[in-house]
1. Output the residues belonging to segment 151-160 that are touching a helix residue (DSSP H, G or I) at 6+ places or on another chain (Cβ under 9 Å) and either closer than 13 Å to E71 by Cα or of a type outside the set (S, T, Y) (or both).
2. Would you call A62 small (G, A, S), buried (at least 16 other Cβ atoms within 10 Å of the Cβ) and either at negative phi or at pLDDT 95 or above (or both)?
3. Go over the candidates A93, A82, A112 one by one and state the one that is touching a residue at least 24 places away in the same chain (Cβ under 8 Å), in a helix (DSSP H, G or I) and closer than 17 Å to S159 by Cα.
4. Given (1) touching a residue at least 40 places away in the same chain (Cβ under 8 Å); (2) assigned to a loop (DSSP other than H, G, I, E, B); (3) out of contact with any Gly (no Cβ under 8 Å at 6 or more places or on another chain), where does I120 come up short, assuming only one miss?
Amino acid sequence: MTEPHVASGGDDVSSRRTLAIVVILVLAILVGGVAWLRSSDDGSSGGGATGTVAPSPTGTVAAAAKVTFVELGSTTCAPCKAMVQVMADVEKAFGGQVEVVFYDVTKDSAPADQYGIQFIPTQVFLDENGVEFHRHTGFYSYGDIEALLLERGLTKATSP
């Protein structure tokens, strides 16, 4: 019986393919890790976790406000436009208990970086000490925000 002849060139190509796949996988893992670390530079544990953040360019929380509602969006996307009325209704209904801060991240990306957002609109809610206690991405209805604020112990001053 004769042994079948195997060309060594095929093994070399297969080894190169395997090496290329391993290198690509390692690079993908490294890039993903770097992206995750960059998104969590603010001291929070990546991906929208809570942490202490400044709600305004001055880095202060309004003295009378119990909650700061930070809206990160733009003036052009449809869900962002719909949030304009929601923000006005929250301000009207809760008065000085809630400070509403809007950032157009298409004109200034610093707040998007500061809050580690990846999609707009994103709403970030901070307590009186500037500590994030809630985050939401996408359109957020007035009813859902009202329930969140009432659960935090705020009282409605008026109806929107």
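1. L154, K156, A157, P160
2. Yes; evaluated as a whole, the condition is true for this residue.
3. When all the criteria are applied, what remains is A93.
4. The failed condition is (3).
The values are calculated or read from the model by the stated rules, or taken from the named source; none is laboratory data. Because the structure is a prediction, the values reported are computed rather than measured. As a convention, Cβ positions derive from the backbone with ideal geometry for all residues, glycine included, and neighbour counts pool all protein chains shown.
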